Amino acid sequence: MPGALLEPVSIERVIELLEREYGSRRWQPDEDPVDVLVRTILSQNTSDTNSDRAFECLKATFRNWEAVASAPVDEIGRAIEGGGLFRIKAVRIQQILQHIEREQGQISLEFLRSKTTDQAEKYLMSLPGVGYKTARCVLLFSLGKPSLPVDTHILRVSKRLGFLDARTSMDKAHIELQDQVPSSKVYQFHVHMIEHGRKTCRARSPHCRLCVLRTTCPSATG
């Protein structure tokens, strides 16, 4: 914002302004962790509508996760076909479920509730193809652990606000932002930054004039 006097940029101030704009959000981590894990894999590179439909179809097709683990992979693919990249995701989902079953004797991640956040994250990231974002979605939305998943919206907005260097990778962003966001505000920060990235701080033609963060954003224009 050329010529304007900006407020000091801080995570706490951004959280406050976004909460004022979008309202407070109650953190209710009550989903089954395996459900969240599979749902997150299905959400990759597709819309929420398509991934939700694929997840519901998968659950309706198979009686439980053990049945998915032992099914022909083509059957899994047909069940999730509407979710995009279904052949790759079918293989990955089955590999993960089989891995958990071999190690735990059942397909359940409930044992992670008693682990520290670091221990639970390390285990989840040992699963085939699971990275920071997928692991942290399970930690945040199911296991009640204040672990911050970073998506493309959060990465973009954080760089524009100066919380991250412009060259910061997605993996490094997970580490750096986790250190900056207060544990009690991780959920709020996650959902509000995504909403703000979708509605206002878009990748192309961001609505800077309408942005609640315009007085604190060093990248604001107009």
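Mind checking which residues of region 146-169 are open to solvent by less than 30 Å² (accessible area, probe 1.4 Å) and either touching a strand residue (DSSP E or B) at 6+ places or on another chain (Cβ under 8 Å) or in contact (Cβ under 8 Å) with a residue 40 or more places away in the chain (or both)?
LEU148, PRO149, ASP151, ILE154, VAL157, LEU161, PHE163
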Item to check | Test for ARG198: is it under 18 Å from GLY23 (Cα atoms) and open to solvent by 70 Å² or more (accessible area, probe 1.4 Å) | outcome: yes
Checklist outcome for this item: Taking first residues from region 127-144 that are within 13 Å of GLN28 (Cα to Cα) and open to solvent by 10 Å² or more (accessible area, probe 1.4 Å) and second residues anywhere that are part of a helix (DSSP H, G or I) and acidic (Asp, Glu), the pairs with Cβ under 7 Å that are 6 or more apart or on different chains are none
Item to check | Of all residues in region 173-194 being open to solvent by 20 Å² or more (accessible area, probe 1.4 Å) and touching an Asp or Glu at 6+ places or on another chain (Cβ under 9 Å), the one that is farthest from THR117 (Cα to Cα) | outcome: ILE194
Next on the checklist: Could you go through region 27-50 and let me know if any residue there is among the small types (Gly, Ala, Ser) and not in a loop (DSSP other than H, G, I, E, B).
Outcome noted: yes
Next on the checklist: Go through (1) closer than 17 Å to SER70 by Cα; (2) open to solvent by 40 Å² or more (accessible area, probe 1.4 Å); (3) part of a helix (DSSP H, G or I) for ILE93 and report which single condition fails.
Outcome noted: (2)
Checklist entry - Restricting attention to region 129-148, does a residue exist that is farther than 30 Å from CYS201 by Cα and polar (S, T, N, Q)? => result no
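The values are calculated or read from the model by the stated rules, or taken from the named source; none is laboratory data. This is a predicted model, so every value here is computed, not measured. Cβ sites come from the backbone with ideal geometry, for glycine too, and all protein chains shown count toward neighbours. Calculation scope for accessible area: heavy atoms of the full protein, side chains included, ligands and nucleic acids excluded. Shrake-Rupley method; radii C 1.70, N 1.55, O 1.52, S 1.80 Å.
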